[in-house]
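Only one structure is covered here, and it is reproduced in the block below.
The values are calculated or read from the model by the stated rules, or taken from the named source; none is laboratory data. Remember, it's a predicted structure, so these values are computed and weren't measured experimentally. Every residue, glycine as well, gets a Cβ built from its backbone with ideal geometry; the counts of neighbours run over all protein chains shown. Areas reflect the complete protein model, heavy atoms only, side chains present, ligands, DNA and RNA absent. Shrake-Rupley method; radii C 1.70, N 1.55, O 1.52, S 1.80 Å.
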Amino acid sequence: MGRKRKGRDISGWLVVDKPAGPTSTAVVNKVRWALGAAKAGHAGTLDPDATGVLAVALGEATKTVPYITDALKAYVFDVKLGEATNTDDAEGEVIATSDARPTDAEIKEALLQFVGDIEQVPPKFSAVKVDGERAYKLSRAGEDVTLEARPLFVDELTMVERTDVDHVKLEMVCGKGGYVRSIARDLGEALGCKGHVLRLRRVWSGPFEAENALTYEQIEELAKTPELDGHVQPLEIGLADLPEVKATAEGAAKLRNGNPGMVFASDVDYGDECWASLDGKAVAVGVYKAGELHPSRVFNQ
């Protein structure tokens, strides 16, 4: 029999405006401690030096993490032109330089090739696994890591500001698995001037926005208080991109036991993935078939 995790049975989302410094895991641990939660996880890693939206799922909301991970996310980031680093950000060692500096028009033109469905090679200092080992661990050990290109959907990539001749601020909206550092590196190569990320901020992730997030300091100040509980958002927010169907009381009881249950649906078709609610609370996620939801995830709330 497995050991029961200690902590409160609390479910929902707490959105954190992550500061530069701590890892995403450290932020999750801070939130779990502050709320005394039994279970927590995050939807989309941010590098330690990155700031912005880190959505922390608590309890039953951890079952909705894949839907936030798959959602579009927006980043604002500064690129330093003229230098490439081994980590593709400011923490790494400079490995190449260039005196070339593109014009604003050349930058805007080059950005077009990174919009849509593209192939992207992750940074060598990333959490991608190579033969079971994290790429960053192999790279730190001095091994020459070769990573395969991965598909990425980029919805938007625009120039926000040309700060000076050596710096440009960009904004990107992209899907799952995007590396902003790779965009900066590849843009520098495309422009013939080299480049790396200087600063990175995630401004929104799916339904979660930075202006509605708590700072690290606020979490520490409100730790173990009812006021912090009040900032926990319903787990249903994590299902915002899925259509909702209404379960009957009898259908909800069957769904909670992992069996198909009757639901009322108006905007879904046979075979669609959706979520069922009863009295506004999520009961299950599953596939709609002929008046019933066939559950793949069940919520205990």
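Taking the condition of being closer than 19 Å to LEU235 by Cα and either open to solvent by 40 Å² or more (accessible area, probe 1.4 Å) or touching a Pro at 6+ places or on another chain (Cβ under 7 Å) (or both), how many residues in the range 12-24 meet it?
So the count comes out to 1.
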Practice task
Give the residues of the range 160-200 that are among the charged types (D, E, K, R) and buried (at least 17 other Cβ atoms within 10 Å of the Cβ), sorted by residue number.
Solution key: ARG181, ARG185, ASP186, LYS194, ARG199
Problem - Pairs, first under 15 Å from ASP164 (Cβ atoms) in the range 81-108, second of a type in the set (Lys, Arg) and part of a strand (DSSP E or B), C-beta under 8 Å, six or more apart - result: ASP104/ARG162; ILE107/ARG162
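So is LEU235 open to solvent by less than 30 Å² (accessible area, probe 1.4 Å) and on the phi < 0 side of the Ramachandran plot or not?
yes
I'm trying to understand the selection: among the residues of the range 208-221, which are open to solvent by 30 Å² or more (accessible area, probe 1.4 Å) and either part of a strand (DSSP E or B) or in contact (Cβ under 8 Å) with a residue 40 or more places away in the chain (or both)?
GLU209, ASN212, THR215, TYR216, GLU220
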Completion exercise
Within the range 259-270, restricting to residues that are out of contact with any Cys (no Cβ under 6 Å at 6 or more places or on another chain) and surrounded by 13 or more Cβ atoms within 10 Å (Cβ to Cβ), the one that is modelled with the lowest pLDDT is ALA265
Problem - Hey, THR87 hydroxyl-bearing (Ser, Thr, Tyr) and over 16 Å from TYR179 (Cα atoms) or not - result: no
Exercise for the section: Need at least 3 residues that are under 17 Å from LEU222 (Cα atoms) per element, so show me which strands (runs of 3 or more DSSP E) inside the range 1-75 make the cut, counting only ones lying wholly within it. Expected result: 12-18
Problem - Per-region count, the range 76-113, residues within 30 Å of ILE237 (Cα to Cα) and open to solvent by less than 20 Å² (accessible area, probe 1.4 Å) - result: 1
Exercise for the section: Report, by residue number, each residue of the range 25-59 that is more than 17 Å from ARG199 (Cβ to Cβ), touching a Leu at 6+ places or on another chain (Cβ under 7 Å) and open to solvent by less than 30 Å² (accessible area, probe 1.4 Å). Expected result: VAL27, VAL31, ALA34, LEU35, ALA37, ALA40, VAL56, LEU58
Practice task
Test TYR288 against the stated conditions and say whether it is within 28 Å of the chain's Cα centre (by Cα), surrounded by 15 or more Cβ atoms within 10 Å (Cβ to Cβ), touching a residue at least 60 places away in the same chain (Cβ under 8 Å) and farther than 30 Å from PHE114 by Cα.
Solution key: no
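Test GLU83 against the criterion of being more than 30 Å from VAL15 (Cβ to Cβ) and either of a type in the set (S, T, N, Q) or more than 15 Å from the chain's Cα centre (by Cα) (or both), and give yes or no.
So GLU83 passes the test.
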Exercise for the section: Would you point out the residue of the range 126-140, among those that are at pLDDT below 70 and in a loop (DSSP other than H, G, I, E, B), that is farthest from GLY92 (Cα to Cα)? Expected result: ASP131
Fill in the blank from the handout: By residue number, the members of the range 48-97 that are in contact with a helix residue (DSSP H, G or I) (Cβ under 7 Å, 6 or more places away or on another chain), under 16 Å from GLU189 (Cβ atoms) and of a type in the set (Asp, Glu) are ASP88, ASP89
Completion exercise
Every listed condition ((1) out of contact with any helix residue (DSSP H, G or I) (no Cβ under 7 Å at 6 or more places or on another chain); (2) at pLDDT 95 or above) holds for PRO151 save (2)
Exercise for the section: Those residues that are open to solvent by 50 Å² or more (accessible area, probe 1.4 Å), within 21 Å of GLY12 (Cβ to Cβ) and among the small types (Gly, Ala, Ser), I need them from the range 238-258; list them, please. Expected result: ALA240
Exercise for the section: Considering each of THR85, THR62, THR51, THR97 in turn, give the residue that is in contact with a Lys or Arg (Cβ under 7 Å, 6 or more places away or on another chain) and more than 27 Å from LEU228 (Cβ to Cβ). Expected result: THR97
